[in-house]
Amino acid sequence: MASKKPKQIAIYGKGGIGKSTTTSNISAALVEAGYKVMQFGCDPKADSTNTLRGGEYIPSVLDLLRQNARVDAHDAIFQGFGGIYCVEAGGRSRGWDAPGAASSRRLNC
């Protein structure tokens, strides 16, 4: 029997348009339809995986790498709604893209 090739869906766009909500709902619908689902969040706020875990935040891969030079996958993958595997990659801190944010960081160094 041939193995099934994993499918990947990427959702991106400007902030505040509902990407995390849409992504979480797609993952929930797919798991309820019988698919195995892993959701990778890349938002510093961890909105998409937070939603799938009933409001419980998980450490991002970047957070784990700050603590250890090597991260085991079992330390970064958590289960959410319906058995969805949730991973947060992490990202820049909130406000990084705000006007003047980079300048204020340079001044505070």
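The values are calculated or read from the model by the stated rules, or taken from the named source; none is laboratory data. Only a predicted model underlies this, so the values are computations on that prediction, with no experimental measurement involved. Here the Cβ is made from the backbone with ideal geometry for all residues, glycine too, and neighbour counts use every protein chain on show.
A few comments on the model shown:
- All of 11, 17, 58, 26 fail the test of being part of a helix (DSSP H, G or I) and at negative phi, apart from 26.
- Residue within the range 85-96 that is farther than 24 Å from residue 4 by Cβ, outside any loop (DSSP other than H, G, I, E, B), in contact with a helix residue (DSSP H, G or I) (Cβ under 8 Å, 6 or more places away or on another chain) and modelled with pLDDT of 90 or more present: yes
- Any hit, the range 18-36, residues being touching a residue at least 40 places away in the same chain (Cβ under 8 Å), within 13 Å of residue 87 (Cβ to Cβ) and hydroxyl-bearing (Ser, Thr, Tyr): yes
- Selection of the range 70-84 for residues being surrounded by 10 or more Cβ atoms within 10 Å (Cβ to Cβ), of a type in the set (A, V, I, L, M, F, W, C) and either at pLDDT below 50 or not in a loop (DSSP other than H, G, I, E, B) (or both) yields 76, 78, 81.
- Among the criteria (1) modelled with pLDDT of 95 or more; (2) among the acidic types (Asp, Glu); (3) within 11 Å of the chain's Cα centre (by Cα), the one residue 32 does not fulfil is (3).
- Under the condition of being out of contact with any Lys or Arg (no Cβ under 9 Å at 6 or more places or on another chain) and buried (at least 18 other Cβ atoms within 10 Å of the Cβ), the residues counted in the range 20-40 number 7.
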